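Working notes, beginning with the structure itself.
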Amino acid sequence: MVVAIDGPAGVGKTTTAKLLADKLGFMYLDTGAMYRSMTYFFLQKNVDLNDIKDIQENIILFENIVEFKIQNPMIIFLSGKDISQEIRRVAVTNYVSQVSAIDDVRKSMVKIQRSVASKGNVVVEGRDIGTVVFPDAEFKFFLTAEYEVRALRRLKEFNKMNENINVNQIKEDLLARDNYDSNRKISPLKKAEDAFEIDTTNCTIDEQVSIIFKEIEKKNE
Ligand code: DC
């Protein structure tokens with residue numbers, strides 16, 4: 001069974017999906033982290049995003065050295081090194097929308113995402129999970145929140161990592177990424193028609209999890 005959770009940055013998808021997976025006893029897959037890890041690798045390798053050959057060669061290199069450890073929280077290794085924290089940094093965040101808009105990058109990631117789901121029940125969070133990756137998912141949720149609230153949530157996360165960034169820079173990043181992610185040609189950020197939308201502006205994380213959990217229980221009755 002797949003529970004798809006989509007929505008823009010800063011709506012609390014990751015925390016919600018992790019807690020929900022625990023509560024349901026499901027695997028947990030953070031697809032944003034997957035795109036971030038490919039981006040991290042591309043930055044290390046100085047990949048030229050205008051050169052399709054360079055991109056394709058580096059996707060293969062990446063596939064050979066990456067390990068997505070499917071546990072909660074998910075851990076990502078590159079050549080045996082844990083990069084789960086590094087991929088959250090501003091340098092990767094600034095670049096990830098461009099990398100995730102590349103068709104070959106998405107094909108590589110989607111292949112891995114479907115293979116994980118074939119192994120059992122999973123909560124999957126991302127942007128295109130209910131629309132493209134798992135259009136037949138049993139449960140689809142789309143989280144939203146007001147832009148100011150999302151920026152403050154992100155600020156808290158960056159502060160925890162000691163990243164030197166102010167709320168205005170975060171707002172700019174959120175706007176730019178929403179715009180980029182929603183308007184790209186391939187698999188844009190979009191609510192699936194049959195997704196249940198939740199405005200999380202005034203919700204605590206526990207409330208978000210509880211709303212989703214109740215919806216799942218209701219349908220399963
Ligand atoms: O959820 P996040 O902020 O970690 O995601 C980082 C970026 O990855 C996001 O700006 C767009 C991209 N992404 C995507 O294109 N498709 C997904 N399923 C998940 C994330």
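Here is how the numbers come out for the structure above:
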{"item": "Qualifying lysines (Cα of each under 16 Å from Cα of LYS218; at least 8 residues distant if same chain)", "result": "LYS23, LYS140"}
{"item": "Contour minus Cα-Cα distance for LYS23 and ASN220 (0.36 nm per residue)", "result": "69.4 nm"}
{"item": "Cβ-derived FRET efficiency at R0 35 Å, ARG114 paired with LYS81, nearest 0.05", "result": "0.85"}
{"item": "Å³ per residue enclosed by the Cα convex hull of the stretch 1-83", "result": "118"}
{"item": "ILE5 long-range amide H proximity, modeled H, under 5 Å", "result": "VAL124, GLU125, GLY126, PHE141"}
{"item": "Kirkwood Rh, angstrom, the chain [1 / mean 1/r, Cα pairs]", "result": "17.7"}
{"item": "³J(HN,Hα) computed for each position of the stretch 105-115 - Karplus, 6.51 cos²θ - 1.76 cosθ + 1.60, integer Hz, glycine/proline x", "result": "5, 5, 4, 4, 5, 5, 4, 5, 4, 5, 5"}
{"item": "Whether the stretch 138-213 is rounded, prolate or oblate, judged on the alpha carbon gyration tensor where a/c under 1.5 counts as rounded", "result": "oblate"}
{"item": "Too-long pairs where the Cα-Cα distance tops 29 Å, listed order kept, from LYS111/LYS190; LYS156/LYS219; LYS107/LYS156; LYS45/LYS119; LYS69/LYS171; LYS119/LYS190", "result": "LYS156/LYS219; LYS107/LYS156; LYS45/LYS119; LYS69/LYS171"}
{"item": "CD proxy at 222 nm, helix term only [per DSSP H run n ≥ 4: -39500 (n - 2.57); per residue of the chain; nearest 500]", "result": "-16000 deg cm²/dmol"}
{"item": "Note, ³J(HN,Hα) from phi for the stretch 21-34, Karplus 6.51, -1.76, 1.60, rounded to Hz, x at Gly and Pro", "result": "4, 4, 5, 8, x, 9, 5, 10, 10, 9, 6, x, 5, 5"}
{"item": "Surface accessible to a 1.4 Å probe, per residue, for the residues of the stretch 95-197, Å²", "result": "52"}
{"item": "Whole-Hz ³J(HN,Hα) from phi, Karplus 6.51 cos²θ - 1.76 cosθ + 1.60, for the stretch 190-202, glycine and proline x", "result": "7, 6, 5, 4, 9, 7, 8, 8, 10, 7, 9, 3, 10"}
{"item": "Counting DSSP beta bridges with both ends in the chain, the antiparallel % (nearest 5)", "result": "25"}
{"item": "The stretch 66-127: C-alpha gyration tensor shape, a/c 1.5 cut-off, then a/b vs b/c", "result": "oblate"}
{"item": "Carbon and sulfur %, accessible surface of the chain computed with the full protein complex present, 1.4 Å", "result": "49"}
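The values are calculated or read from the model by the stated rules, or taken from the named source; none is laboratory data. Keep in mind that what you see is a predicted model, and the values were worked out from it rather than measured. Don't worry about glycine lacking a Cβ; one is built from the backbone with ideal geometry, like all the others, and counts go over all protein chains shown. With ligands, DNA and RNA removed, areas are computed over all heavy atoms of the protein, side chains included. Shrake-Rupley method; radii C 1.70, N 1.55, O 1.52, S 1.80 Å.
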